[in-house]
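Presented below is the structure to which this report refers.
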Amino acid sequence: MRFDVVTLFPEVFEGSAVTGVVGRAIVDDRVQLKTWNPRDFTDDTHRTVDDRPFGGGPGMVMKVEPLQKAIQAAKELADDSVKVIYMSPQGRRLDQQGVKYLTGFSRLVLLAGRYEGVDERLLESQIDEEWSIGDFVLSGGELPALVLIDAVARTLPGVLGHECSAVEDSFVEGLLDHPHYTRPDVFEGQAIPAVLKSGDHKKIAIWREKQALGKTWQKRPDLLDKIELNEHQQVLLDEFKEELKTKD
Ligand code: 4FV
């Protein structure tokens with residue numbers, strides 16, 4: 001999968017291009033990441049990419065021309081399975097379902113805005129979709145673009161060490177993740193749940209599903225409202241609630 005990012009700060013992407021899962025995916029050429037700086041698409045000596053807002057008010061607005069040229073250059077040679085996305089608080093909230101949908105494209109061109117935002121005419125003429133990483137305001141779209149790239153890249157075949165880990169991720173089934181433990185067996189008097197050392201993988205899978213259901217019920221009941229629990233899951237959740245009562 002290829003990501004082209006239109007950004008005034010290409011250096012922000014150099015870091016992630018070499019670290020962690022995304023870095024590995026780029027080395028293995030499972031992911032391609034290229035940045036395009038709108039300043040390189042200006043023709044005035046000051047390489048101007050922003051200007052004062054019509055109608056007055058604070059801050060600056062990104063100019064349409066350099067962005068249009070940069071997006072066109074990024075889309076060059078793209079087949080039709082390319083989407084141009086603007087990262088903005090006005091966008092659709094990114095969640096695991098959205099990540100799954102975005103993984104369906106072979107190429108994504110991501111526009112990372114700065115200042116107060118971009119000229120609306122650019123959105124109307126060049127942007128296919130707007131996506132947000134949350135209801136808060138950042139100083140730039142670079143971090144949201146990195147979040148989207150990381151969330152999408154790690155679901156691509158072969159990117160994570162072993163396939164199943166992406167499948168078992170939080171939210172894939174719409175639930176929070178189960179607790180994780182590793183050595184030492186006992187830490188400050190706290191032992192790990194015995195079932196995890198039983199070697200009985202069926203029992204371990206049931207324990208993990210019960211914990212995922214229980215944790216979701218405790219921390220994000222809104223997520224449970226979105227999914228239809230099957231009978232087995234309902235029994236596990238009821239057991240979790242009962243055990244909680246006896247634990248207290
Ligand atoms: C943002 C978000 C975000 C708004 C003005 C960049 C900033 C500045 N993008 N999810 N939340 N963008 O805050 O995606 O240009």
>> Show me the helices (runs of 4 or more DSSP H) entirely contained within segment 173-248 in which 1 or more residues are without any contact (Cβ under 8 Å) to a residue 24 or more places away in the chain and over 24 Å from Gly98 (Cβ atoms).
In response: 201-219, 231-247
>> Condition first: within 15 Å of the ligand (Cβ to nearest atom), more than 17 Å from Leu33 (Cα to Cα) and not hydrophobic (A, V, I, L, M, F, W, C). Now tell me which residues in segment 77-98 satisfy that.
In response: Ser88, Pro89, Gln90, Gly91, Arg92, Arg93, Asp95, Gly98
>> Just the residues that are over 20 Å from Val12 (Cα atoms) and either within 15 Å of the ligand (Cβ to nearest atom) or polar (S, T, N, Q) (or both), please, taken from segment 99-116.
In response: Val99, Leu102, Thr103, Ser106
>> Can you tell me which of (1) within 14 Å of Ala151 (Cβ to Cβ); (2) in contact with a Lys or Arg (Cβ under 6 Å, 6 or more places away or on another chain); (3) not small (Gly, Ala, Ser) is the one Met87 doesn't meet?
In response: (2)
>> Name the single residue that is farthest from Leu244 (Cα to Cα) among those in segment 201-215 being among the charged types (D, E, K, R) and surrounded by 12 or more Cβ atoms within 10 Å (Cβ to Cβ).
In response: Lys203
> Which residues, counting only those in segment 117-150, are near the ligand (Cβ under 7 Å from one of its atoms), more than 11 Å from Arg93 (Cα to Cα) and in a strand (DSSP E or B)?
Replying inline: Gly140
> Tell me, which residue of segment 98-113 that is surrounded by fewer than 21 Cβ atoms within 10 Å (Cβ to Cβ) and touching a residue at least 60 places away in the same chain (Cβ under 8 Å) is farthest from Asp4 (Cα to Cα)?
Replying inline: Thr103
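Every read-out reported here was derived from the displayed coordinates using simple, explicitly stated rules and does not represent laboratory data. Being a predicted model, the structure only gives us computed values, none of them experimental. A quick note on method: Cβ atoms are made from the backbone with ideal geometry, for glycine too, and the neighbour counts reach across all protein chains shown.
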